[in-house]
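Below: one structure, written as structure tokens.
The values are calculated or read from the model by the stated rules, or taken from the named source; none is laboratory data. Since the model is a prediction, treat every value here as computed from it, not as a measurement. Ideal geometry is used to build each Cβ from the backbone, glycine not excepted, and the neighbour counts take in all protein chains shown.
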Amino acid sequence: MGINVWIPRVITPVEQPLPAAIEPENQMIASPIEDSQSSPDTWDNLKAEVQNCTLCGLCSTRTQTVFGAGNQHADWLVIGEAPGEQEDKQGLPFVGVAGQLLTEMLRAIGLSREQVFMANILKCRPPNNRDPHVDEIKHCKEYLQRQQQLIQPKIILAVGRIAAHALLETNEPLASLRGKVHSFNNTPVIVVYHPAYLLRSLPEKRKAWQDLQFAKHTVITMEQQSCVD
Ligand code: URA
């Protein structure tokens with residue numbers, strides 16, 4: 001498809017050491033949705049709600065919603081920005097050129113698309129791929145929180161600046177968010193460069209590889225800790 005398979009040649013150790021604990025400043029308060037729902041949430045209910053969503057103006061420009069795809073019990077929840085043209089057409093996340101690179105990057109650390117769950121901050125494509133607006137993020141993030149609660153992933157990969165800022169509620173540059181374990185509703189979050197950025201800036205691929213190694217290391221450390229506890 002015109003994309004080189006992403007195979008790292010050198011495994012470079014992550015520059016920053018693993019922090020002993022998750023950074024407390026980015027912890028978020030649990031979603032208010034839980035309180036407003038009397039019966040337990042289900043995947044089917046959530047999917048139907050997303051499909052029929054009219055909470056923001058993107059409902060009038062989308063071809064279809066992009067709920068997310070992959071393993072509903074995944075250890076890894078991969079969160080990007082918003083559907084692009086291909087995703088809007090196909091109803092699936094990360095199926096365009098950037099998505100293919102992300103798929104190769106995940107494969108390089110031993111993860112297939114079927115093993116992870118991929119979603120976006122927004123379920124609908126913003127016109128001309130413009131940045132998401134604050135109100136769009138606010139509405140759509142509630143769906144994402146419900147997905148997180150249903151999946152119960154061990155780790156979240158925040159792919160790119162927009163996803164990282166929306167999840168962590170910060171405006172810090174991506175470069176300073178890398179290499180740290182953040183948290184979203186008590187799930188560890190690792191920030192990685194967006195594959196669309198990597199396609200434009202190939203030298204940064206080495207950093208993306210370090211970020212993914214760091215994420216994998218974080219999961220392994222958590223698993224080892226839970227064995228000891
Ligand atoms: N495709 C997606 O689904 N999300 C992105 O962030 C980019 C491309």
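Quick one: what pairs do we get from the range 153-174, first residue touching a residue at least 60 places away in the same chain (Cβ under 8 Å), second of a type in the set (D, E) and within 14 Å of the ligand (Cβ to nearest atom), C-beta under 7 Å, 6+ apart or different chains?
Sorted first by the residue in the range 153-174, then by its partner, the pairs are G160/E81; I162/E81; I162/D131; A163/E81.
If I109 satisfies all but one of (1) within 28 Å of Q213 (Cβ to Cβ); (2) within 16 Å of the ligand (Cβ to nearest atom); (3) touching a Leu at 6+ places or on another chain (Cβ under 8 Å), what's the number of the condition it fails?
Every condition holds for I109 apart from (2).
Which of the helices (runs of 4 or more DSSP H) found entirely inside the range 39-148 contain at least 3 residues meeting this: over 17 Å from the mean Cα position of the chain (by Cα) and surrounded by 14 or more Cβ atoms within 10 Å (Cβ to Cβ)?
On the way: elements: 43-51, 85-90, 97-108.
The helices (runs of 4 or more DSSP H) meeting that bar are 43-51, 85-90.
Looking at the range 219-229, is at least one residue away from the ligand (no atom under 16 Å from the Cβ), within 17 Å of E104 (Cα to Cα), modelled with pLDDT under 95 and not in a loop (DSSP other than H, G, I, E, B)?
Here is the first cut: in the range 219-229, the ones away from the ligand (no atom under 16 Å from the Cβ) are 219-229.
Now restrict to residues that are within 17 Å of E104 (Cα to Cα): none.
No, the conditions are met nowhere in the range 219-229.
I'd like the full set of residues that are over 11 Å from V191 (Cβ atoms), within 16 Å of the ligand (Cβ to nearest atom) and of a type outside the set (A, V, I, L, M, F, W, C), limited to the range 146-177.
Listed by number, the list holds a single entry, Q147.
With respect to V95, determine if the residue is within 15 Å of the ligand (Cβ to nearest atom) and without any contact (Cβ under 8 Å) to a residue 12 or more places away in the chain. I'd like the intermediate steps shown before the answer.
On the way: within 15 Å of the ligand (Cβ to nearest atom): yes; without any contact (Cβ under 8 Å) to a residue 12 or more places away in the chain: yes.
Judged against the criteria, V95 is a match.
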